[in-house]
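Where a number appears in this text, it was derived from the coordinates with a stated rule and is not lab data. Worth saying up front: this structure is predicted, and the values here are computed from it rather than measured. We place every Cβ from the backbone using ideal geometry, glycine too, and count neighbours over all the protein chains shown.
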């Protein structure tokens, strides 16, 4: 199993490579242009500066994936709900890295007293859907044709996990 820990500045080039690879070749992220090291650095500093996790999975000294969560929506009523993302290097997919990262994010969210974690998944991404189901997430709804990438319309499936008892 990979070692999961908080990301550090030295992890940013690997995070950038994984993220840009997803932009180039998948519908896991709906960006259409690659990002820069400076943009990823600002993203990580903003998240960590607010006490939000940015985690990496490391095997044999190599970052194999990363994950984070942030605001679901920027309104006070959603303060205990977060939306997460998990990205794994294609060469390391199917080896439990995504599962380990997601479990670590859920544990962090529970420890922070959060109530619900949401994932927005391209509706044809069966690997991500299986990962989330295995982690106890349930399907909450689909927004049809709300995104476009690679000259096709994409549906957005929302999955959620209730982290704490109702009324907490």
- Hits in segment 32-60: amide N under 14 Å from the 7 Å Cα→Cβ extension of residue 156, namely 32
- Query: For the pair residue 3 and residue 103, how long in nm is the line joining their label points, each one 7 Å along Cα→Cβ?
  - Reply: 1.8
- Task: May I ask you to derive the FRET efficiency for residue 10 and residue 127 from their Cβ-Cβ distance with R0 = 41 Å, giving the value to the nearest 0.05?
- Result: 0.90
- Any chance you could run the full-extension gain for residue 148 through residue 111? It's 0.36 nm times the residue separation minus the Cα-Cα distance, nm to one decimal. 9.7 nm
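Using only DSSP helix segments of four residues or longer, with each worth -39500 (n - 2.57), what per-residue ellipticity at 222 nm results for the chain after dividing by its residue count and rounding to 500?
Calculated at 222 nm, the ellipticity per residue is -9500 deg cm²/dmol.
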- Cα centroid of segment 29-44 to Cα centroid of segment 75-94, whole Å: 15
- In square nanometres, what is one fourth of the surface area of the convex hull spanned by the alpha carbons of segment 78-126? 3.9
- Task: Report the relative contact order of segment 3-162, percent, no decimals, based on alpha-carbon pairs under 8 angstrom and at least 6 residues apart.
- Result: 19
- If you line up the Cα atoms of the chain on their principal axes, what length do they span on each, largest first, in Å? 42, 38, 30
- When the Cα centres of segment 1-23 and segment 96-119 are compared, how far apart do they sit, in Å? 17
